[in-house]
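In what follows, a structure is listed as structure tokens, so that the remarks can point back to it.
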Amino acid sequence: MAALLRVADLQTHYVSFGGSRVVKAVDGVSFTLDDGETLGIVGESGCGKTTTCLSIVGLLPPGARIVGGRIDFAGEDIAQYSPRQMRRVRGAQIAMILQDPMVSLNPLFSIRTQVGEPAFYHRGVRGRSLRARVGELLRSVRIPSPAMRMREYPHQMSGGMRQRIVGAIALAGVPKLIIADEPTTNLDVTIQAQYLDLLKDLQQDTGVAVIFVTHNLGIVARMCDKLAVMYAGKIVEAGSVRDLFNAPKHPYTKALIGSMPKLGNKDPLFAIPGQPPDLARLPTGCAFHPRCPEALPCCAAEEPDEVRIAASWTARCWRAEPLPQEHAKEAHAAPAGS
Amino acid sequence: MAFVTGQTSAVLLGTSPPSAEGDRRRWLKLARGLPVLPLAILIPFVLIALFANAIAPYDPTDPIPGAKIFEPPFWVMGSNPHALLGTDFQSRDILSRLIFGARVSLIVGVTGTLVAGSIGTTLGILAGYLGGWVDQVIMRLTDAWLALPALVFAIFLATMVGPSMWNIVIILGLVYWTRYARVIRGEVLTLREREFVKLAEIAGASSHRVILRHILPNVVNSAMVLASLTIGVVIIAEASLSFLGVGVPPPEPAWGSMLSDGRSMLMVGDWWLTIFPGLCIMLVVLATQLMGDWLRIRLDPQLRNL
Amino acid sequence: MGQFVLRRSLYALVTLFILSLTIFTVVRLTGDPVTLLAEPGARAEDLDRIRVEWGLDRSWPIQYLTFAKNVFTGELGKSFNYEMPVSTLYFQRLPNSLELALAATLISFIIGIPAGLISAVKVNSAWDNVGKVIALFGLAVPGFWLGLVLILIFSVWLGWLPTSGQGGWRNLIMPAVALGWYFAASLLRLSRSSMLEVLRSEYIKLARLKGLPGYVVIAKHAFKNALIPVLTLAGINLVVMLNAAVIIEVIFAWPGIGRLLYEGIFQRDFPLVQGIVMEAGIMVVLVNLTIDILYAYIDPRIRLTK
């Protein structure tokens, strides 16, 4: 089955100071996503997860450019698309939910205007049908009294409700893929669970694929089928959520999982010592080796290759080894993360 | 995007008080990227103003002996070789008057700004630090003052008290302090919450000591940026007052009054009486503006949106 | 919105109070109000009449109240030279000043705002650099000097436009440009920085994420938001224009209140001077209040709260 989204060896760099300073925000990231699947991208601040998403939708900030790789969406390499072509994809085929609901909405326009826009511009819905469509969308994100609410303005709504509006906006164009960039980070803890449930239900109802960017593994456990762990611009481990949670192969993944508090477990919480590296001055060899409890001498010397641990499980670590029964399948190697 | 280096993040976190060492480093960095254009204009003007007596070819208030009135500058036909830039309606040398006028404009500009700055900064600090009703009163006063047309008021005051250079300085100071009050108050409000101030307060320092030792040194930067941006306004205000006849009184040369003198002859095309003084005003104000912009960007990133 | 309007009205009242109090105080501190208000050569009966009219034989608080009452009922005394009540004169000349101010504002809007917005959208391009230069010169070139230079070029040398007086558009254009010049530069700067900030906002990012066409993102989403701070400037503009108008009207012999003020000063017509300054101040406060209310109406954040 052809994947909905296939990112192959994506490289996005930030160039500043007239070319003298290059930051490899995304350095060879590959993964695939099928219809209806949910992929979680996890990592600390600055690891490149947001840049990866911005690369996919073609909205990189000035100074950033895709310098290599492919982004195959529904069969076409959208990394090569012109801005005009990308505009037709954004909102209609790929939508995005941003992190802070308090600033994501335009304060001067009504909810109806803002939610209706994708339908208006991409699907040509007008007038009364547009109003009906907006009402439908508001209902699907569980906003009570949609007819009344749609006449209101963002400042009249709470953060949780605004984030649902952002969700409605994402759905308005009937996309095939929704990228959610830390959608619950700025919400009250009590509202977070509600929102996640909503997203999960929406996904089941519409069959949309979701990329969930977060630094919170608990959310990943709840929402995602697959998981990709990023560090310093690379994916260090990728596979199904179950595999990675049960037996992580990369020391960073192990540390992340280990730092999650588990009910009933009295072991001391394990925190990762050190700081994420400065992407402009990466250490030699494996970027994680200065903080790695299992580092070997070779880790400082050379960057590890990607090891295929199982059919859909990869890790970038000198210590990682394929699972026994998978040795034979190595001959049929496919791009990482699929 | 979180590509922040170590030292920048320490500054962003705002936990360390501005230290003397940090200041020294900043001043050194400042010296590296000096703004050439504004300094190239300002330094000569300042020197001219300081050494006016030595530089000016003639006494600005006496007519040049043997010269006619309204003689054109030296490159125009019919000019007097003794008066490089021409003469005015009393046969006085324009060049000398311009030179001494620089002195007037710069002195009034700088001292007027100093007065405005002192009043405004003091009120701003008091309002920001003491809060409560003091803040309310000062803020309402500032709002009210800002709502009034400054120059019209200055004209009114100048008419009432009579023109003289020092009266003008005080009047301009009284009229232009409001910008300082507003901005400095904002700064003080944030400063007040910083740890090193709270530490001093907990240690029992009196308000007045905290203000002098901790708050004041930190608002100096903003005050300086504001000052450099305001000098231009004050200089133009003084020129306006002089033009209308309520500024620096004759025979003391002031660029504004020179413009007024030259107005009647403008109709017959004697352009030099108008162009030169105006050009001087423009250059000086331009230079201070550029200087202010440069200072603003270098000294205090928070003021970038001023 | 009601509360907002109420609060702003209260502030306006406070400002008016401070304005009147200041004028009142300045007059009493710098001279004898009786002699000031009386024409030269007045007789004893006239002096007594004035004392009664203005309550000058009573205590200061009563004097102030009388003054305030007089002002708010439009009784500002009689001009010496025109032999007319000051308020009549003021309102007679006001339309002329308004005509000039409106023309100047229109010109500044037409030049300043689009230039600023385009500079922001095409930031750091050639357009932007031109815009920055215009902004700089706008602030450095004194409006009245520009007026003189314009007269020199267009009236004296080219002979295209008349030098002074009120009349058709030919008379209006030069003073309007001279008056609006500074404001155009301020508008350019402000709309540029406002637009830049808006373009960096999250909601613009979301608008782009929706795949909206570029012109919709700019013209619909960004534009309205960027314009809000510009509106605020419009209020301050009136004040600035009033300041500059005095001189511009003098230069161009434009029969407005600025020129009236100048005449009053020159002819030592005290009631006229005091009256104009007072009226001008009141006008500014009222206009600002109106703009605040308008602003509240446009921004739904304010309109839809209590």
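Out of all the residues in segment C:23-49, which are facing another protein chain (nearest Cβ under 8 Å) and either open to solvent by less than 40 Å² (accessible area, probe 1.4 Å) or among the basic types (Lys, Arg) (or both)?
Passing the criteria: C:Ile23, C:Val26, C:Val27, C:Gly31.
Yes/no per residue for (1) among the aromatic types (Phe, Trp, Tyr); (2) over 26 Å from the mean Cα position of the chain (by Cα); (3) open to solvent by 30 Å² or more (accessible area, probe 1.4 Å); (4) at the interface with chain C (Cβ under 8 Å from one of its Cβ atoms):
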| site | (1), (2), (3), (4) |
| --- | --- |
| A:Pro107 | no, yes, no, yes |
| A:His122 | no, no, yes, yes |
| A:Arg126 | no, yes, yes, no |
| A:Ala132 | no, yes, yes, no |
| A:Glu136 | no, yes, yes, no |
| A:Val141 | no, no, no, no |
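In segment C:122-149, which residue that is open to solvent by less than 30 Å² (accessible area, probe 1.4 Å) and away from every other protein chain (no Cβ under 11 Å) is modelled with the lowest pLDDT?
Among residues in segment C:122-149 that are open to solvent by less than 30 Å² (accessible area, probe 1.4 Å) and away from every other protein chain (no Cβ under 11 Å), the one modelled with the lowest pLDDT is C:Gly131.
Exactly one condition in (1) surrounded by fewer than 22 Cβ atoms within 10 Å (Cβ to Cβ); (2) under 27 Å from C:Val284 (Cβ atoms); (3) touching a residue at least 24 places away in the same chain (Cβ under 8 Å) is false for C:Pro95; which is it?
(3)
Please work out if A:Pro118 is modelled with pLDDT under 90 and within 9 Å of chain C (Cβ to nearest Cβ).
On the way: modelled with pLDDT under 90: no; within 9 Å of chain C (Cβ to nearest Cβ): yes.
No, not satisfied.
Going by what's in this entry, would C:Ser119 be described as among the hydroxyl-bearing types (Ser, Thr, Tyr), at pLDDT below 85 and in a helix (DSSP H, G or I)?
The answer is no for C:Ser119.
Would a scan of segment C:153-162 turn up a residue that is at the interface with chain B (Cβ under 10 Å from one of its Cβ atoms), in a helix (DSSP H, G or I) and at pLDDT 85 or above? Explain how you work it out, then say what you get.
Initial filter on segment C:153-162 (at the interface with chain B (Cβ under 10 Å from one of its Cβ atoms)): C:153, C:155-157.
Now narrow it down to the ones that are in a helix (DSSP H, G or I): C:153, C:155-157.
From the residues that got through so far, the ones that are at pLDDT 85 or above too are C:153.
The answer is yes, given that some residue of segment C:153-162 is at the interface with chain B (Cβ under 10 Å from one of its Cβ atoms), in a helix (DSSP H, G or I) and at pLDDT 85 or above.
Among residues belonging to segment C:264-273 that are within 11 Å of chain B (Cβ to nearest Cβ) and open to solvent by 10 Å² or more (accessible area, probe 1.4 Å), point out the one that is nearest to the chain's Cα centre (by Cα).
C:Ile265
For residues that are in contact (Cβ under 8 Å) with a residue 40 or more places away in the chain and farther than 25 Å from C:Trp169 by Cβ, scanning just segment C:237-263, find the one that is least open to solvent (accessible area, probe 1.4 Å).
Residue satisfying both the conditions and the ranking: C:Val239.
Looking at (1) touching a Lys or Arg at 6+ places or on another chain (Cβ under 7 Å); (2) more than 9 Å from every other protein chain (Cβ to nearest Cβ); (3) open to solvent by less than 20 Å² (accessible area, probe 1.4 Å); (4) not hydrophobic (A, V, I, L, M, F, W, C), can you tell me which one C:Pro175 breaks?
(1)
Can you name the number of the only condition in (1) at the interface with chain C (Cβ under 8 Å from one of its Cβ atoms); (2) surrounded by fewer than 18 Cβ atoms within 10 Å (Cβ to Cβ); (3) of a type in the set (A, V, I, L, M) that B:Ile236 fails?
Condition not satisfied by B:Ile236: (2).
Would you point out which residue out of C:Tyr90, C:Tyr64 is within 14 Å of chain B (Cβ to nearest Cβ) and touching a residue at least 24 places away in the same chain (Cβ under 8 Å)?
Numbers: C:Tyr64 fails: within 14 Å of chain B (Cβ to nearest Cβ).
Just a single option satisfies the conditions, and that option is C:Tyr90.
Name the helices (runs of 4 or more DSSP H) wholly within segment C:1-89 that hold at least 3 residues that are modelled with pLDDT of 85 or more? Working first, answer last.
Values: elements: C:2-30, C:33-37, C:44-54, C:60-72.
The qualifying helices (runs of 4 or more DSSP H) are C:2-30.
Looking only at segment B:270-303, filter to residues that are under 18 Å from B:Leu84 (Cα atoms) and assigned to a loop (DSSP other than H, G, I, E, B); which one of those is least open to solvent (accessible area, probe 1.4 Å)? Even if it seems obvious, please write down each step before you answer.
Residues of segment B:270-303 that are under 18 Å from B:Leu84 (Cα atoms), as a first pass: B:270-280.
Then drop every residue that is not assigned to a loop (DSSP other than H, G, I, E, B), which leaves B:270-271.
Details: B:Asp270: 24, B:Trp271: 50 Å².
Per the criteria, the residue is B:Asp270.
Looking at this structure, is C:Leu29 of a type outside the set (Ser, Thr, Tyr) and closer than 18 Å to C:Val71 by Cβ?
The answer is no for C:Leu29.
For the list (1) touching a residue at least 24 places away in the same chain (Cβ under 8 Å); (2) in a helix (DSSP H, G or I); (3) open to solvent by 10 Å² or more (accessible area, probe 1.4 Å); (4) among the aliphatic types (A, V, I, L, M), I need the number of the one condition that A:Val103 fails.
A:Val103 satisfies all of (1) touching a residue at least 24 places away in the same chain (Cβ under 8 Å); (2) in a helix (DSSP H, G or I); (3) open to solvent by 10 Å² or more (accessible area, probe 1.4 Å); (4) among the aliphatic types (A, V, I, L, M) except (1).
Quick one: count up the residues across segment A:143-173 that are within 21 Å of the chain's Cα centre (by Cα), modelled with pLDDT of 90 or more and over 18 Å from A:Ile191 (Cα atoms).
Selection size over segment A:143-173: 4.
Please work out which residue is farthest from B:Arg182 (Cα to Cα), limiting yourself to segment B:142-152 and to residues that are within 7 Å of chain C (Cβ to nearest Cβ) and in a helix (DSSP H, G or I). Reasoning before the result, please.
Here is the first cut: in segment B:142-152, the ones within 7 Å of chain C (Cβ to nearest Cβ) are B:143-144, B:147-152.
Then drop every residue that is not in a helix (DSSP H, G or I), which leaves B:143-144, B:147, B:150-152.
Numbers: B:Asp143: 9, B:Ala144: 12, B:Ala147: 13, B:Ala150: 16, B:Leu151: 19, B:Val152: 21 Å.
Checking each candidate, the answer is B:Val152.
Taking into account only those residues within segment A:154-163 that are surrounded by fewer than 23 Cβ atoms within 10 Å (Cβ to Cβ) and closer than 27 Å to A:Thr51 by Cβ, which is farthest from the other protein chains (Cβ to nearest Cβ)?
First pass over segment A:154-163, keeping only residues surrounded by fewer than 23 Cβ atoms within 10 Å (Cβ to Cβ): A:155-162.
Filter again for closer than 27 Å to A:Thr51 by Cβ, leaving A:159, A:162.
Details: A:Gly159: 13, A:Arg162: 11 Å.
In this case the residue turns out to be A:Gly159.
If a residue must be assigned to a helix (DSSP H, G or I), open to solvent by 10 Å² or more (accessible area, probe 1.4 Å) and within 7 Å of chain A (Cβ to nearest Cβ), how many such residues does segment C:210-225 contain?
Looking only at that region, the number is 2.
The values are calculated or read from the model by the stated rules, or taken from the named source; none is laboratory data. For clarity, every value in this text was computed on a predicted model and none was experimentally measured. When we count neighbours, we look across all protein chains shown, and the Cβ atoms used for this are built from the backbone with ideal geometry, even at glycine. Note: areas computed on protein heavy atoms with side chains; ligands, DNA, RNA excluded. Shrake-Rupley method; radii C 1.70, N 1.55, O 1.52, S 1.80 Å.
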